[in-house]
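Quick notes on the structure that follows.
The values are calculated or read from the model by the stated rules, or taken from the named source; none is laboratory data. Computed from a predicted structure; not experimentally measured. Here the Cβ is made from the backbone with ideal geometry for all residues, glycine too, and neighbour counts use every protein chain on show.
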Amino acid sequence: MTDPRHGTVPADKCACGHWARRDEVTDCRYCDCTTHRASPYQGHDPQTPPGAEGALQTFSDQLDEAVTMLREARDAELAAQEARDTVKYEATLSEECPQPGVRGEDGARVTVAYRDAGVAREIAREESAYRAAVVVRQAAKDHLDKLNSQKSIAQTIANSVAGGYLGTGR
């Protein structure tokens with residue numbers, strides 16, 4: 001079978017009934033045609049009850065993945081925070097860390113700010129890793145929030161479509 005729009009290019013209809021190149025037609029439950037590949041509905045026509053339910057299932061699957069990603073990001077953030085705090089405590093209590101107060105015969109003062117600067121220098125790598133973990137967790141949270149918003153919209157569409165099909169005999 002050929003696609004009438006593309007002349008002699010071998011093509012078949014994909015799961016949703018659109019023409020697709022033969023190498024793009026799959027047995028996957030989601031449509032893989034070029035028309036729908038970039039759609040957030042993953043090939044489901046949200047204007048029919050089965051399509052709307054399929055779109056909701058797609059969003060539900062994506063939400064499950066996003067929740068897992070967020071959980072992993074939170075675990076990584078906690079591990080990075082604990083590593084930073086451990087190095088900070090060790091650096092503060094080490095012999096090389098200058099303790100605040102008056103030192104030596106000349107009466108040189110060591111301030112708390114001087115001690116904290118030394119500790120900050122020691123924990124710079126761990127602090128950077130912790131900040132990176134915070135950014136990753138925030139990005140995972142933003143992704144989850146976006147998917148929740150999209151699913152809410154899909155639920156509204158599904159309810160609207162179902163209401164339109166009630167009593168029509170379809």
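Quick notes
- Residue match in the stretch 56-75 (condition: among the hydroxyl-bearing types (Ser, Thr, Tyr), at pLDDT 85 or above and either assigned to a helix (DSSP H, G or I) or over 30 Å from GLY118 (Cβ atoms) (or both)): yes
- Identity of the residue in the stretch 113-161, aliphatic (A, V, I, L, M) and modelled with pLDDT under 90, that ends up surrounded by the fewest Cβ atoms within 10 Å (Cβ to Cβ): ILE153
- Filter pass, ALA129 being assigned to a helix (DSSP H, G or I) and either without any contact (Cβ under 8 Å) to a residue 60 or more places away in the chain or closer than 30 Å to SER160 by Cβ (or both): yes
- Criterion: touching an Asp or Glu at 6+ places or on another chain (Cβ under 8 Å) and either hydroxyl-bearing (Ser, Thr, Tyr) or at positive phi (or both) - qualifying residue of TYR89, TYR130, TYR114: TYR130
- Selection count where residues are loosely packed, with under 13 Cβ neighbours inside 10 Å and within 18 Å of the chain's Cα centre (by Cα), scope the stretch 66-88: 3
- Any hit, the stretch 96-114, residues being part of a helix (DSSP H, G or I) and in contact (Cβ under 8 Å) with a residue 24 or more places away in the chain: no
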